[in-house]
Amino acid sequence: MMQFFIALIALSVVLPSWGEEKFYSLTVDTLPVNFSGKPVQAMAINQTIPGPVLEFTVGDTAVITVTNRLDSDASIHWHGLLLPQDQDGVPYLTYFPIKPGKSFTYRFPITHAGTYWYHSHTNIDEQRGQYGAIIIHPKEKDPRQYDYDKVVQLSDWTDEDPRAVLNNLKKSGEWYAYKKHSVVSLQGYLERDKFDTWLSNRWQRMEGMDVSDVGYDAFLANGQQQLQLLPQAKAGEKVRLRLINSAASSYFSIEQSDQPFIVIAADGIDVQPVKVKSLLMGMAETYDVIVTIPASGAVNIHANNIDGSGYAAITIGSGQAVPAPLPSKPDLYQAMDHSNHSAHSSHHTGHAMHHQPAIRALSYQQLKTTSPVKFSGPLREIKLDLTGDMENYNWSFNNTILSNADKIKINRGEVVRMTFNNTTMMRHPLHLHGHFFKVISGNGDFDVIKHTVDVGPMATVTIEFAANAEKDWLFHCHNLYHAKTGMARVLRYSDYQGNPAFMKAKMASNEIMDTDGYWRTDTSLYSDYISGKIRYSNYRYALEAEAERSGWEESEAEVAALYRIDQWTQLYLGSQYEWEDSDWEYQLGVRYHAPFNIELDSWLNDDKEIHIGFETSFQLTTHWQLELEADSEGEHGGFLQWRNSPAYAIGIGKTDDTDIMLGISATF
Ligand SMILES: [Cu+2]
């Protein structure tokens, strides 16, 4: 803890460089990998995934040269380290990205001990393999007893290009439901005798619970699905595991069926030892735990993705280990009652405990610092709603994406209290660069100190930190797909003017922006009906072009420009051409995603009449979907489709102009 105070004090003045220089050289390059049976090009650091473990001792000066051998920009951020702002490694905020073929040498003092990590902060490249661990040893020998010290760095792997993953999520937040086996259907509700829950969830415009976004091909511990550690370890020996969740969008529950874990540090900072059965780890969190090798000679640990889609296995020692629990499928058929907190696994919400609990899953409330930490200074309060939805796959704070938001101004010397109110059904691990904060959890001066905090569905979490640095620091959700679509803010020390050259360079770069547009194309080919629709949209605007030929005599084409007012409402200006009357009609309309998941469309034509249409679909079973549409001009249709992927379906359908017909549809 003392080192931590020294770090805080050191950072309040301009950081001096001192101590022994410790050199590392990191090269970012492509690497052919095969994690799932499919050969893919990854992006690796020094040709390994994860990259090398960097070790330092408090008092060292880190001198790290990063060379970029990719044909795109690179950057490395030192996650959890307190360091001078221009060494933080966030492109266009703290420095310029490292261009292809170029190098950048970081140089910063190592001021606090613990388990940390480093990763790319460019686009979603971290997902491709650009991460590694950092161990910082205290100056004096660690008084805690253990025989071995090992890093276990967890991650998620997809064979798809992460940019394609993001584009798919933009087509539909449910794009990966088939891959994750998490399709929620009416049949599922009925089987659970929950028809009323289906009704009320649909009324709230939700089909079911969302636990995760992406469908992954593998979950890795130190780059392996089955990690074997320390075959030489003997029964009774103690292993310090430095667990790091470097996944891009996966929460892991760390579980075993043997001896409990003893947690000794969270996010690098020592805590009073606490025995737990399991730990929930949000992206970017780290925990140091002591594991004792049981009499069998081996222990088996699973990092289970909380969406139930898979796990990474870690076996320590040699012998017949008791198998760790397999991932359990979350209940996706819960009522989306926003006041019903008990419906969600709340590992982290700190309700005050009145009696010592049995050994259970870790909560922040169970974590206490080893010595009291007090911040003093004028209080600044910042309230952020965590906002977003799977429907449009937009994520933000206070319904405003990073590029549209003002910087959050703070003054040096203040105590900054941030309150997060999660209005979504997803967990968000929020990370603040350059500062540690207290998670207010009922332990007063002993509240746990962290750099990343998990905020559960519909939960409220408060943090406090001492504003003792300078310039700009990023604050963002560590779900990389959420951060990239806008769930981020810049905290600015009010005496800093910013560097306009950063923004100029960013606009000229190929950095993914939260204002970027994404494509979606839908086509249907039925025996008596053909349609094609192409859509280009960003967080606010959309352009659509659609052509339809029904019954081989009625053809129409439509173009529209849409403006999103809020999550549910879009205004549009459109033009429609009908071959029958061979004329163009202009339309001014509103689309509203109404309760019960009904798409309402109301528009005014040149005929000065108001027209109304509706469209809805029902996921009847895992594979069968029913789509219905009708409008006030008498057009109507229904399609019953079978699908086993978000991209393709076969079906039967009928419109007012056709007989019953067969066909296929595709989305890409
Ligand atoms: Cu998030």
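General observations
- Any strands (runs of 3 or more DSSP E) falling wholly within segment 481-557 and containing at least 2 residues that are open to solvent by less than 60 Å² (accessible area, probe 1.4 Å) and modelled with pLDDT under 95: 518-526, 529-537, 541-550
- A residue that is part of a helix (DSSP H, G or I) and either without any contact (Cβ under 8 Å) to a residue 24 or more places away in the chain or within 16 Å of the ligand (Cβ to nearest atom) (or both) cannot be found anywhere in segment 447-455.
- Looking only at residues in segment 273-289 that are in a strand (DSSP E or B) and either in contact with a Cys (Cβ under 8 Å, 6 or more places away or on another chain) or open to solvent by 10 Å² or more (accessible area, probe 1.4 Å) (or both), the one that is nearest to Thr315 (Cα to Cα) is Ser278.
- Note on segment 619-668: residues that are basic (Lys, Arg) and closer than 19 Å to Trp175 by Cα amount to 1.
- Residue in segment 492-506 that is within 16 Å of the ligand (Cβ to nearest atom) and out of contact with any Leu (no Cβ under 6 Å at 6 or more places or on another chain) present: no
- Listed conditions (1) within 28 Å of Glu191 (Cβ to Cβ); (2) open to solvent by 60 Å² or more (accessible area, probe 1.4 Å) are all met by Phe596, apart from (2).
- Residue match in segment 513-520 (condition: of a type in the set (Phe, Trp, Tyr), within 30 Å of Tyr577 (Cα to Cα) and more than 16 Å from the ligand (Cβ to nearest atom)): yes
- With respect to the conditions (1) within 16 Å of the ligand (Cβ to nearest atom); (2) surrounded by 24 or more Cβ atoms within 10 Å (Cβ to Cβ); (3) outside any loop (DSSP other than H, G, I, E, B), Phe420 lacks only one, and its number is (2).
- A search for C-beta distances below 6 Å between a residue of segment 592-603 that is within 15 Å of Gln619 (Cβ to Cβ) and any residue that is among the aromatic types (Phe, Trp, Tyr) and buried (at least 16 other Cβ atoms within 10 Å of the Cβ), counting only pairs 6+ apart in sequence or on different chains, returns Ile598/Phe614.
- Pairs with Cβ under 6 Å, 6+ apart, first in segment 419-442 and of a type in the set (S, T, N, Q), second open to solvent by 10 Å² or more (accessible area, probe 1.4 Å) and within 11 Å of the ligand (Cβ to nearest atom): Thr424/Gly388
- Long-range neighbours under 6 Å by Cβ, at least six apart or interchain, first residue farther than 26 Å from Ile565 by Cα and touching a residue at least 40 places away in the same chain (Cβ under 8 Å) within segment 524-551, second β-branched (Val, Ile, Thr) and open to solvent by 60 Å² or more (accessible area, probe 1.4 Å): Leu525/Ile664
- In segment 163-176, the residues that are in a helix (DSSP H, G or I) and farther than 10 Å from Val214 by Cα: Arg163, Ala164, Asn167, Lys170, Lys171
- The number of residues in segment 361-401 being within 16 Å of the ligand (Cβ to nearest atom) and assigned to a strand (DSSP E or B) comes to 11.
- In segment 456-480, the residues that are away from the ligand (no atom under 16 Å from the Cβ) and either open to solvent by 10 Å² or more (accessible area, probe 1.4 Å) or more than 20 Å from the chain's Cα centre (by Cα) (or both): Thr462, Glu464, Phe465, Ala466, Ala467, Asn468, Ala469, Glu470, Lys471, Asp472
- Selection over segment 60-79 of residues that are small (Gly, Ala, Ser) and either open to solvent by 10 Å² or more (accessible area, probe 1.4 Å) or farther than 24 Å from Trp473 by Cα (or both) gives a count of 1.
- Asn123 vs. criteria within 30 Å of Trp624 (Cβ to Cβ), at pLDDT 95 or above, open to solvent by 10 Å² or more (accessible area, probe 1.4 Å) and not charged (D, E, K, R): no
- Those residues of segment 568-589 which are surrounded by 15 or more Cβ atoms within 10 Å (Cβ to Cβ) and within 29 Å of Leu199 (Cβ to Cβ), in sequence order: Trp568, Gln570, Gly589
- Strands (runs of 3 or more DSSP E) fully within segment 597-639 counting 3 or more residues that are among the basic types (Lys, Arg) and under 31 Å from the mean Cα position of the chain (by Cα): none
- Residue tally, condition over 22 Å from Ser524 (Cβ atoms) and touching a Phe, Trp or Tyr at 6+ places or on another chain (Cβ under 9 Å), over segment 537-574: 11
- One residue from Arg128, Arg192 being charged (D, E, K, R) and surrounded by fewer than 21 Cβ atoms within 10 Å (Cβ to Cβ): Arg192
Here's the yes/no breakdown for (1) open to solvent by 10 Å² or more (accessible area, probe 1.4 Å); (2) touching a residue at least 60 places away in the same chain (Cβ under 8 Å); (3) in a strand (DSSP E or B):
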| residue | (1), (2), (3) |
| --- | --- |
| Met209 | yes, yes, no |
| Ala235 | yes, yes, no |
| Val239 | no, yes, yes |
| Ala247 | no, yes, no |
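- Residues of segment 150-160 that are more than 16 Å from the chain's Cα centre (by Cα) and not in a strand (DSSP E or B): Asp159, Glu160.
- Flag not set for Met425, criterion: in contact with a Leu (Cβ under 9 Å, 6 or more places away or on another chain) and within 16 Å of the ligand (Cβ to nearest atom).
The values are calculated or read from the model by the stated rules, or taken from the named source; none is laboratory data. Keep in mind that what you see is a predicted model, and the values were worked out from it rather than measured. Heads up, the Cβs are rebuilt from the backbone with ideal geometry, glycines too, and the neighbour counts pull from every protein chain shown. We work out accessible area using only protein heavy atoms, side chains counted, and drop any ligands, DNA or RNA first. Shrake-Rupley method; radii C 1.70, N 1.55, O 1.52, S 1.80 Å.
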